[in-house]
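We did not get these values from a lab; they are worked out from the coordinates using the rules stated. Every value quoted in this text rests on a predicted model; they were computed, and no experiment measured them. All Cβ positions, even for glycine, are placed from backbone atoms using ideal geometry, and neighbour counts span all protein chains on display.
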Amino acid sequence: MFWERENDSHNVLVAECITRDKFEFILSNIHVKNNEDLDIADRFSKVRPLFDHLNRKFMENNQMEEMHCVDEAMVPYFGRHGCKQFLRGKPIRYGYKLWVGSTRLGFVNWFGPYQGASTNISVTYSNYGVGAAVVLEYAETLRKKWRDEKMHIFFDNFFTTIPLMEKLTDMGFQATGTIRENRASGNRLLDSKVLKKQDRGSFDFAKITDHNIIVVKWNDNNLVCLCSNNSGVNPICNVRRFSRKEGKHIQIQQPHLVRLYNANMGGVDRSDQNIGLYRTSIRGKKWYFPLITHCVDLAIQNAWHLHRNNGGVLDLLKFKRRIATVLLTQNRKPPSTSRGRPSALVNIDIRYDRLDHLIIIQPKQTRCGECHDRTTTRCRKCDVGLHAKCFVAYHTK
């Protein structure tokens, strides 16, 4: 629609930069890897070079931060593909699932696609399971760049296991995550049914034998179970909650471990929010096209973080518009003298309304909108050249 001549859709910047046919040709032929070189075992081999390239660039340009988080993200896709996922209760329920490692504020350092049992994970970490292996791969990526820096990784109960916490401790990482109760069994904690009957804010904790790992159960709206190899319950703080029983807000106890997790776990969700606000809306027919556009949006989101970290003041929308404007302006071509044939749908809504259509004389000859011969008269309301003999035919269906 950017190339249409209607006033409500024509975009001069786009139309002067690239022709419509060239844009459609690029859109239908864009790819990042030849079909002859595809890895049969990798279901995302068509876009793997782009993923690897962006992961390298993200790690080259990121800045050292102590707090990191690992979580899953969704790329919306409603077509047919064996790796398409359905996640109930998520803002994006259908699409491709990505593993994402990011900083606390949402700068994505590393990401990779999920493809079920055939997900590419390092042989070194294959015994830990898919979720734990993802965290360990991200930790290894961070350690390659910062060998001696102190870093803390947060993740949810999909990833957390006791062997994962032990391995991260051996690698020199601090780690905190929610954990499923069946993965933390045998730790002499209060039974969940007993703890749930106690006052809101009650908690229990236990240290795993021979390891500096603590497991905490906290009674909030529901029971929350967390595990950490660095943080404990102290210092205990107070948080504000609404009590239905008392009909007012009350103060309850919250372990330090929970507070730290809540403050640093939302980085991946922040990056998803930024991308979702102004997601590229161009739709293609290839199954991998949503992944390519997501990579573009992800790169812009990371570039915006670097812009803000270096003192920039633009918000994300202005930053993205500025990128688009610069790229289009750099590739602008001299305006063509030929604008093509006007659309037959011009003035279609007022042409047949039979109100205030008057024929007037025009100073120069133009083509008649009905018979296309030269004429010296036109319709004042439609602003179209018309012979007197063609006037009724043009305004009648």
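With just the Cα atoms of segment 348-394, tell me how far they stretch along each of the three principal axes, in Å, largest first.
26, 18, 16
Run the quick spin-label model on LEU314 and GLU66: label points 7 Å from Cα toward the beta carbon, then report their separation in nm to one decimal.
In this crude label model, LEU314 to GLU66 measures out at 3.2 nm.
At R0 = 45 Å, how high is the FRET efficiency between HIS256 and ARG80 if r is their beta carbon distance? Nearest 0.05 is fine.
The value I calculate is 0.40.
For helix 316-330, report the angle its Cα long axis makes with the longest principal axis of the Cα atoms of the chain; keep it between 0 and 90° and round to the nearest 10°.
The angle comes out at about 50 degrees.
Write down the Å³ per residue value for the convex hull defined by the alpha carbon atoms of segment 90-185.
125
Based solely on C-alpha atoms, express the radius of gyration and the Dmax of the chain in angstrom.
Both quantities, over Cα of the chain: 30.2, 100 Å.
At 222 nm, what value in deg cm²/dmol follows for the chain if DSSP H runs of at least 4 each add -39500 (n - 2.57) and the sum is divided by all its residues, to the nearest 500?
-9500 deg cm²/dmol
What list of ³J(HN,Hα) values in whole Hz, one per residue of segment 11-21 in order, does the Karplus curve 6.51 cos²θ - 1.76 cosθ + 1.60 (θ = phi - 60°) give from phi, with Gly and Pro shown as x?
Coupling constants for segment 11-21: 10, 5, 4, 6, 5, 7, 8, 8, 7, 5, 5 Hz.
Check ILE179: other-chain or 5+ apart residues with amide H under 5 Å from its amide H, H built from backbone geometry?
Those qualifying (amide H under 5 Å, at least 5 residues apart or on another chain) are CYS225, LEU226, CYS227.
Quick one: give the max-minus-min coordinate of the C-alpha atoms of segment 243-397 along each principal axis, largest first, in Å.
That gives 88, 50, 36 Å along the principal axes, largest extent first.
At 0.36 nm per residue, and after removing the present C-alpha to C-alpha distance, how many nm does the segment from ASN212 to LYS333 gain when stretched out fully?
Full extension of this stretch gives 37.1 nm more.
Which ³J(HN,Hα) values in Hz, rounded to whole numbers, follow from the phi angles of segment 194-201 under the Karplus curve 6.51 cos²θ - 1.76 cosθ + 1.60, where θ = phi - 60° and Gly and Pro get x?
Here the 3J(HN,Hα) series is 5, 5, 5, 7, 7, 4, 5, x Hz.
Can you list residues whose amide H is under 5 Å from ASN109's amide H, if they're 5+ apart or on another chain and H is modeled 1.01 Å from N?
Here GLY101, SER102, THR103 satisfy the definition.
What list of ³J(HN,Hα) couplings, whole Hz, do you get for segment 374-389 from phi and the Karplus terms 6.51, -1.76, 1.60, once you set θ to phi - 60° and write x for glycine and proline?
Values, residue by residue: 5, 8, 10, 10, 8, 7, 5, 6, 7, 6, 10, x, 8, 6, 4, 6 Hz.
Tell me, ILE323, ILE40 in order of fewest to most beta-carbon neighbours within 10 Å?
With the sparsest Cβ surroundings first, the list reads ILE40, ILE323.
Note the full-extension length gain between LYS22 and ARG93 as 0.36 nm times their separation in residues minus their Cα-Cα distance, in nm to one decimal.
My answer for the length gained is 22.2 nm.
Check GLN362: other-chain or 5+ apart residues with amide H under 5 Å from its amide H, H built from backbone geometry?
Those lying under 5 Å, H to H, from GLN362 are THR377, ARG378.
Within a 10 angstrom radius of the beta carbon, how do HIS10, HIS249 rank from fewest other beta carbons to most?
HIS249, HIS10
Of LYS33/LYS286; LYS144/LYS167; LYS57/LYS167; LYS46/LYS97; LYS196/LYS248, which ones are farther than 18 Å apart at the Cα?
LYS57/LYS167; LYS196/LYS248
Over segment 157-264, how many percent of alpha carbon pairs lie in each 5 Å bin up to the one with the longest distance?
With 5 Å bins starting at 0, P(r) equals 2, 12, 23, 24, 19, 11, 6, 3, 1, 0.
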